[in-house]
Each structure stands twice: as C-alpha cells, then as structure tokens.
Amino acid sequence: MSRQLEQVAEDRSARRRQEIVIAVEYGLAAAVERSGGILTGFTFKDRGSDCIMVVKAVLAGRAQVAFVGSDDLGGCLVKAVRLGNSDKLNWRADQYFGTNGLTVGE
C-alpha cells in the first residue's frame, strides 16, 4: 500500500513540474493574451511563508498589473496561468508605470 501512495506523490510532483515548465515556456504569455493583453513582465516577492507575483501587461493600450499569491514561486506561476485561462486575473492600472520615464509601446 505504501508504494501506491509513493507513486501517487511522484505522479503529482511530475505533473506539477510539467505545469511549471509550461507556464514559463508559453503558458503565462498565452493566458495574458487570452485576456487581450501583451505580457510585459512579472516580478516575485518571497515573503518566507508565501510568495506574491505581480504580472505586468499592456491591455487596451494601458499598463496593467495583476497580483497572484501562493505558497511558492512555482505555485504562483501555475496559479497565474490557471486564472488567466479562466479570465479571472484581476487587472488594475499600474500605478508605478511611467515613473521611470517609460511609456506604453517602448
């Protein structure tokens, strides 16, 4: 019985690794494009017990951000793709865009 449980854990771990690779390779960009935007970047902050990801994009010609939280970096990536594919990323105006002299389209 314990080998069956080990196999389930190994399968789950392999599936998670694959989801992370997909998110990094093309999944996140595709999920943002599904919302009608163009992915311009993302940042992470590891706060010890959890992680927060800021997804940055241009939607309708305006700089926007969406915040995604999870237990770790991989979880943020996978969750951002899942939320983006289901149109559940909560986009907000990027208050800090332009403070470094950049404008949309640069």
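The numbers here are math on the coordinates, done by the rules we state, and not lab data. If you're wondering where the values come from, they're calculated on a predicted model, not measured in any experiment.
Some points to look at:
- Taking a ≥ b ≥ c as the square roots of the eigenvalues of the Cα gyration tensor, region 7-62 is oblate, since a/c reaches 1.5 or more and a/b is not larger than b/c.
- Given in Å, the Rg to one decimal and the Dmax to the nearest whole number for the Cα atoms of region 1-99 are 15.6, 59.
- The long axis of helix 2-22 is offset from the longest Cα principal axis of the chain by roughly 20 degrees.
- Karplus (6.51, -1.76, 1.60) ³J(HN,Hα), θ = phi - 60°, over region 84-95, in Hz, Gly and Pro reported as x: x, 5, 9, 6, 10, 6, 8, 7, 9, 4, 7, 5
- Calculated [θ] (222 nm, deg cm²/dmol) that DSSP helices of n ≥ 4 give over the chain, each run adding -39,500 (n - 2.57): -12500 deg cm²/dmol
- The GNM of the chain, with springs linking C-alpha atoms under 10 angstrom apart, assigns the highest mean-square fluctuation among VAL65, VAL78, VAL21 to VAL21.
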